[in-house]
Each structure stands twice: as structure tokens, then as C-alpha cells.
1. Provide a whole-number value for the mean count of partner chain Cβ atoms within 10 Å of the Cβ atoms in peptide C:88-96.
2. Debye calculation, C-alpha points only, no solvent: report log10 I(q)/I(0) for chain B at q = 0.11, 0.17, 0.18 Å⁻¹, in the same order as the q values.
3. So what's the angle, to the nearest 10 degrees on a 0 to 90 scale, between helix A:29-41 and the longest Cα principal axis of chain A?
4. For chain A, which longest stretch is free of loop sites, where a loop site is one of the GluC sites (Glu not before Pro) that DSSP puts outside H, G, I, E and B and that has at most 14 other Cβ atoms within 10 Å?
5. Using only the alpha carbon atoms of the stretch A:53-109, find the Kirkwood hydrodynamic radius as the inverse mean reciprocal pair distance, in angstroms to one decimal.
6. With both bridge residues required to lie in the stretch C:2-99, what share of the DSSP beta bridges run antiparallel, to the nearest 5%?
7. Anything over 18 Å Cα to Cα? Flag those among A:Lys92/C:Lys56; B:Lys30/B:Lys70; B:Lys25/C:Lys65; C:Lys40/C:Lys65, in the order listed.
8. When the helix-only estimate is applied to chain A (DSSP H runs of n ≥ 4, each -39,500 (n - 2.57), divided by the residue count), what is the mean residue ellipticity at 222 nm, nearest 500 deg cm²/dmol?
Amino acid sequence: MSEEDMMEEGGTIKKFMYVNRRAPYGSIYALESLEVVLIGAAFEQDVSMLFVDDGVYELKKGQDTKAVDMKNFSPTYRALEMYDVEKLYVEKESMDERGLTQDDLLVPVEVMTSAQVAELMEEQDVVFNF
Amino acid sequence: MKFAIQVNEGPYQHQAADTAYQFTKIALEKGHEVFRVFFYHDGVNNGTRLTTPPQDDRHITNRWMDLAEKYDLDMVVCVAAAQRRGVVDDDEAKRQGKDATNIAPRFRISGLGQLIEAGIQADRLMVFGD
Amino acid sequence: MLHTVNKSPYEKNSLNTCLRLASSGSAILLIEDGVYAAMKGTSVAEKVKTATQDKKLYALGPDLKARGLDEGQVIDGVTVVDYGGFVDLAAESDKVQAWL
């Protein structure tokens, strides 16, 4: 069904951005916000995920949670593609502050400057924060 | 204006539940519509009827209930977050084999889809958290 | 866009990130512990004052009062609003970003 058909039927498509600013495991926000993204995928909105500040740590490779006895939910980021959530953006400044490069991340992302992130945020219809 | 309100924190622990309440109350008094108040993360704890706060301080859960009563407000507690934290209604008690319920009146337990729907239907999503 | 910042600039980096990512012409409302950043004479005052040059800065009056902060000592260019003003700001902007 084309976007126009969806709109005509009253099916709104909004630009949804999920803003991730927290490290994983130290708090539940990263995990529970991911759960929103997965459920939200069924609603076929125009979804982007933005990783800023400690949120970039959510995407770090090599998470091994056996010794802390918590669920390792990092593989879920690789599954996002299957849910048609493909627009993952990371702020360069946040990465640089934390000594991370794209090679450290477990999924392909688009790295943006702060100015680009600011512009991207302005383009959204709804922004979720956790 | 049609608002959707997301409350990420429990009563008393953080000011989020208070600020969310004040915002919602004033918005309604000003004649705006509040499509839904969605309680996520520890926010689900706003919806338990078992709290006994000190007599000389605000009763957060009762305050939400009174507001919902006055304006026919839809207050939804996220089922996944509620299961993790032990906020239970009759259906959940039956389904999960729990020997008690603790949901407060005027709150209902439902899925994350309710948050997404609120994001789609409302003009503004307000997020209150830590 | 309306940006809200609810944490103290000394507790979290939320104010810094907000100032870095808020576009020119945005509105920024300091609420809860975020109102500490509205006061003159702190180590972040200069940064906040600079922000008033191209953004509209606000602080939530009830939160200032609760914390014993004198409205008269708020940085020039930061407007104090009440909850009604908060609702108006949210209604007037096209969307709201909560920097938690």
C-alpha cells in the first residue's frame, strides 16, 4: 500500500525518533527503550534511533554478561534490521569523548556531527526519551 | 492541543511523577486534551493502591486517580514493566498465578502499543523522567 | 522544538548535551533540578547566558521557589514561567525533547 493510500485511510505516518543516552546494564532504560522500538515497529512509522552520550555504549561489541548474571540484550540491536528499523544514528562527539570508533560497534550506523544531529532532530515529528 | 504524557519514574523517588501530574492538570484546566498518560519503567509504581505516604504530604496515586475521575483520563501502566516490578491486576494475577493484585482504580494495565498509539494520535508527546 | 532539562548541570551532562544539540531559535526550559543552571554566579552561568543569544531560555518558577532560589538572581535573558507557561511553551513548539 502506498503512503498516500495509508494517509487517505487515516493511517498516519510520523517521523518517530527514539533517543538513547544511557549505558546498558547500569540501569534498565536501554533495555526497556529497545522493547518500545520492537513493539513500535509493528506500527510502521518512519523510525530513527539516535545514540548520544552514554547511549553509544549500548552498541559496543563484545558484551558478556555471564558474570553479572544479567540478560545480554545486545544481539537485539542486530535484529532491528528485521523489524525495518534501519536508521541508526550516532553522534561523533559522543563517540570521540568515549574513545570509540565505528569498528567498536556491533551494527552499521551513520555517524553524524552535532550539527547534523541537531538538524535531524528538528525533522522529527515525535521524540521518545527514556 | 492533544497531549500524550509518558511518566518514566515511580512516585516520590524522583520529581518526574509530580511534574507530570502538574503539567497534566494544568493542561486539562486550560482546556487541552490529554489523550493518555502512559506509565513506563518505574513509572508503573504510580499505579499501585497500596501506598501509605505520610499524612502531611501529597498522595501521588490518589492525586492521579482524582484527576482521572474528574477528566475521564486514560491512565495506562505498561504490562511488561508492570510484570517486572510486580504491579498486578486481576487478569495478570490469573495469567501469572499471583495470589494478590495491587493495581489502583482508574489505572489499567496494557501493552507498549498504547504508548506508540499515543505518540501517533497526540500532537505533543511529553516525557517526564530522570 | 522545546527542550526540557530536568537535572542539575553538576549531576549530569544533560544541559551540556542539550546546548550542543539544540538548534538556533529553539526554546529551552529548565525544570526540577535543572533550574540550578538558571542562576547567576555559577560555573555554568556564562554558558547559559551565551545560549540566550540565539535560543529562548526559560526556568520553571515553582521549581526555583522550592529550592530557595531567588527569581531576582536568575541570569538575564532567562524568563521565569509557571506550569501554565510550561504548557503554553509545549503547545507553541512543534515537538518536545526531554533531556533527562
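1. Numbers: counts 4, 0, 9, 7, 1, 1, 5, 12, 8.
Mean partner shielding for this stretch: 5.
2. -0.34, -0.83, -0.93
3. With rounding to tens, the tilt is 30 degrees.
4. On the way: sites that count: A:Glu9, A:Glu44, A:Glu86, A:Glu123.
Between the exposed loop sites, the longest stretch runs A:45-85.
5. Working: mean 1/r = 0.0817 Å⁻¹.
Here the Kirkwood hydrodynamic radius works out to 12.2 Å.
6. Details: 1 of 17 bridges.
If we restrict to bridges inside the stretch C:2-99, about 5 percent are antiparallel.
7. Working: A:Lys92/C:Lys56 26 Å; B:Lys30/B:Lys70 14 Å; B:Lys25/C:Lys65 20 Å; C:Lys40/C:Lys65 15 Å.
Distance filter (> 18 Å) returns A:Lys92/C:Lys56; B:Lys25/C:Lys65.
8. Working: 5 runs with 39 residues, N = 130.
-8000 deg cm²/dmol, from helical runs alone.
Just so you know, all these numbers are worked out from the coordinates, no wet-lab data involved. Computed from a predicted model, the values in this text were never measured in an experiment. Cβ: placed from backbone, ideal geometry, glycine included. Neighbour counts: every protein chain shown.
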